[in-house]
Each structure stands twice: as structure tokens, then as C-alpha cells.
Amino acid sequence: MMIAWSGWMAACAVGAGVGLTACGAGDTQRESSAALTVATFGDPLPGLGAVETARFAAGREAFVEVEDIEDGLGPVFNDSACGNCHTDPAPGGGSARLETRFGTTTDGQFDPLSELGGSLIQDHGIGRVRGCNYVGEVVPAAATIVAGRRTTPLFGLGLVDAVPDAAFLALAAHEAEEAPDTAGTVSFVVELSTNRVRVGKFGWKAQNPTLFQFAGDAYLNEMGITNPEFSAENCPQGDCALLSCNPAPELNDDGDDVAAFADFMTFLAPPPRGAIDNDVSNGEKMFQKIGCNACHTDTLSTAPSSNAALDRITFHPYSDFLLHDMGKLGDGIQQNGAAGRMMRTAPLWGLRKISTLLHDGRTSDRREAILAHDGQGASARDAFAALPSAQEEKVLAFLRSL
């Protein structure tokens, strides 16, 4: 199944058949090879006006700014700036840094052990303040599930945010019709600003529907800075009594920083594509033939927008941004409707600059990463493993070009 321009039209036709709208039918799309020429990682989207360029620059400054206790950092946190983790190969990239999630099962159901600080570990503390000693959290003995999650790149996610929900619903329906064994599942989550159910696209479990909500979530849960949509401080290791010593109990951010982070991500260009030769081109055809693109969808398009840089842009993330049952490759953590075996398809664009692979960074070898696939990824894994070495190398050459 190749979801390119023809696949996009088919997906929109599926959507129209079940009453969906906003697929952009009848609107001329602008091909990304012309509209999205990017010089280097970390560039802003081409075509930004002066106002958007200034918002991007201000957002980037906020993104790399180091927070301190006076700003509301902590009391427990993972790092003091977004840019400390999203570093490689430029601000907004990923890194080998892992965060830790934990939980257990109770009566057959996932239990995040919230009373013990779960499911996310904040591994730093601000130290001794007002009679309390804030130290980094640790995985409690009661946890039977522990998972690492790698910091993911943010390049191009403004384009993903600009794809209408209806397109993802239609894409899921199209996958179910064309290849039901590997079809993705839409993540439905609540958009906090509107209290509406939206399609989740961001995070390893597709747990956030917009970049704005993704930013607010990270500000609280990675840096401990409360903000309008995430206003409740995390209780260190689940002990809420420790918040009595919190040096910054008031709302730490009025939303301005969250908006700045969202601006930076919205206007951050997708990663530039590497060199394409015959081996790369043939490798992509083999990638499609063995079924990798059943989940790693090559092409999506944004909706009509008043912002020219986001208006009806065709782009190539190599992800459907849907949830898939990955069998033993799942991380065991349940978030929203995403069960432990389910993971959002990781975008492959920019892969050549990602040093550690899979959700837990367990390998840097692309072949090993493919062979670790399971569940709905098993058929493509097995087809790859059965390739003659020369064809296998062409697939790897294609991946090295992304």
C-alpha cells in the first residue's frame, strides 16, 4: 500500500464516504520537493512571513532557555530546558536521552502507580528548600513494568499539526480496507483548550493532539513548570505532602512560554533529505514492496491555511501517526486508549541523524531495529529478513538517505 498522491485521494474518498470533511478535496496541493527545500536541520519553514519568522526566532530562544527555581523549575524534573534534550543535530532535534516510565498490572489492568509518582520518573530534584529535600525520583519496588523512551526530533511537526483530523481518520479507514492485518488505530484524546475529542499525533503513544498541548505537557512533566492547561504540580515520588515546601506554588507560566514553544515547533522545517542515487531509489521501492510503508506512510498533506508556509503542503514524514500493536516491541505502558503493546509509528524523516533507534534507544543499527519489529510489524520484518543481502543493503541505503 503506497499512500502517495493517489493514496491521499483514496483516503479522502474513504473519509467522504463516512461523512468526513476537510481532506482538501479539490484544492491544489503544493509538492514538498518544491515548497519545502530546506538547507539544514533546524531551519524555519520556507515561505514564512516577517511576523512568523520573528515568532520562530522568539520561540527558539525560549526553547533553549534554561529555567531555574525562580521560574518554577521542579520541585522534581528531568531537565531545565527543552533544548537540553532536543539537541541533535540542532535545537528541535532528538537525542539519546531516555526518560523512564513505570507501572504494574492490577487485576489484569495497567496501573501507573500514581501514588508512587508514576508513570513518569522525574529524575532530578531542586534540592533542600524550606525544610524539604527534593531529590530525583526512582523506580519503586512495586513496579513490574519499566520502559525507557528516547527523546524524539521535532522537525516538521508543524506540518503534521496542520493535517486535518479527518485525514487521519480516512487514512486509518483506508489502511483497514487495504491491509487489515497491519492497519493503524486512531488515538482519540481530549484537546484541553476546547474539551473536544481530537486525533492524537504527538508522543510515543500519540497522547497529544496539538503541538500547543504537547508543549504544555512537556513543560510540566519534564521541567515541573505549571501552566494553564497543566496546572497541577507533580507530587514528588507521589508524596503530595512535599508540595507544602514548594518554593513556587503559584502558576509558574501564564501560557506565554507554552505558546512560544509551540511557535518554534510549528515553524520548524522538516529535515532536509540526503542524497538520492539509484541504490536509494531502488531501496525505497523494496521498502514499499516488503510492506514497510503499510505503517511508515510516505506522504501526507496539510489542509488549506491562511499561513502560506502551511497551506496545502505535501510532505514526506514516513509515518501514518497512528497506533499499531507492536507485540513484544511495545513498551508495556498504557496512556489514554493506547495499550501497552501499542506505539505510534515513528516518523523516519531525518533518520540519518538519529543515533539510537526504537522507542528505548536499544540499538544504533538500522538492521537490528528492523528485525526487532513485532506484532503488526512482523510481516514486514520477516520479508526484510528474507531479502538477498544486495536487496537488503538497498533498503538500508534508502533509510540512510532520510
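Just so you know, all these numbers are worked out from the coordinates, no wet-lab data involved. No experiment lies behind these values; they were computed from the predicted model shown. Quick reminder, even Gly has a Cβ in these numbers, built from the backbone with ideal geometry, and neighbours come from all protein chains shown.
Would you confirm whether any residue within the stretch 292-306 is more than 21 Å from ARG352 (Cα to Cα), in a loop (DSSP other than H, G, I, E, B), of a type outside the set (Ser, Thr, Tyr) and out of contact with any strand residue (DSSP E or B) (no Cβ under 6 Å at 6 or more places or on another chain)? There is at least one residue in the stretch 292-306 that is more than 21 Å from ARG352 (Cα to Cα), in a loop (DSSP other than H, G, I, E, B), of a type outside the set (Ser, Thr, Tyr) and out of contact with any strand residue (DSSP E or B) (no Cβ under 6 Å at 6 or more places or on another chain).
Applying the condition of being over 14 Å from the mean Cα position of the chain (by Cα) and within 28 Å of ASN293 (Cα to Cα) to the stretch 187-202 and asking which residue is surrounded by the most Cβ atoms within 10 Å (Cβ to Cβ) yields VAL189. Taken over the stretch 287-309, the criterion of being under 17 Å from HIS324 (Cα atoms), hydrophobic (A, V, I, L, M, F, W, C) and more than 17 Å from the chain's Cα centre (by Cα) is satisfied by CYS292, ALA294.
Summed over the stretch 153-173, residues that are more than 26 Å from PRO46 (Cα to Cα) and crowded, with 24+ Cβ neighbours inside 10 Å total 2.
Residues of the stretch 119-148 that are buried (at least 21 other Cβ atoms within 10 Å of the Cβ) and charged (D, E, K, R): GLU137 alone. Exactly one residue out of THR210, THR106 is among the hydroxyl-bearing types (Ser, Thr, Tyr), surrounded by fewer than 19 Cβ atoms within 10 Å (Cβ to Cβ) and either without any contact (Cβ under 8 Å) to a residue 12 or more places away in the chain or in contact with a Lys or Arg (Cβ under 9 Å, 6 or more places away or on another chain) (or both): that is THR106. Can you confirm whether the stretch 67-90 contains a residue that is in contact (Cβ under 8 Å) with a residue 40 or more places away in the chain, aliphatic (A, V, I, L, M) and closer than 24 Å to ALA339 by Cα? The answer is no, given that none of the residues of the stretch 67-90 is in contact (Cβ under 8 Å) with a residue 40 or more places away in the chain, aliphatic (A, V, I, L, M) and closer than 24 Å to ALA339 by Cα. Scan the stretch 370-395 for residues that are under 20 Å from THR297 (Cβ atoms) and buried (at least 19 other Cβ atoms within 10 Å of the Cβ) and the total you get is 8. ASP107 - would you say it is among the charged types (D, E, K, R) and more than 25 Å from the chain's Cα centre (by Cα)? Considered against the rule, which asks whether it is among the charged types (D, E, K, R) and more than 25 Å from the chain's Cα centre (by Cα), ASP107 comes out as yes.
Yes/no per residue for (1) crowded, with 17+ Cβ neighbours inside 10 Å; (2) in contact with a helix residue (DSSP H, G or I) (Cβ under 6 Å, 6 or more places away or on another chain):
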{"residue": "PRO236", "(1), (2)": "yes, yes"}
{"residue": "PRO247", "(1), (2)": "no, yes"}
{"residue": "ASP263", "(1), (2)": "yes, yes"}
{"residue": "PHE267", "(1), (2)": "yes, yes"}
{"residue": "PRO270", "(1), (2)": "yes, no"}
{"residue": "ASN278", "(1), (2)": "no, no"}
{"residue": "ILE313", "(1), (2)": "yes, yes"}
{"residue": "PRO317", "(1), (2)": "yes, no"}
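Counting the residues of the stretch 53-78 that are acidic (Asp, Glu) and either buried (at least 20 other Cβ atoms within 10 Å of the Cβ) or assigned to a loop (DSSP other than H, G, I, E, B) (or both) gives 3.
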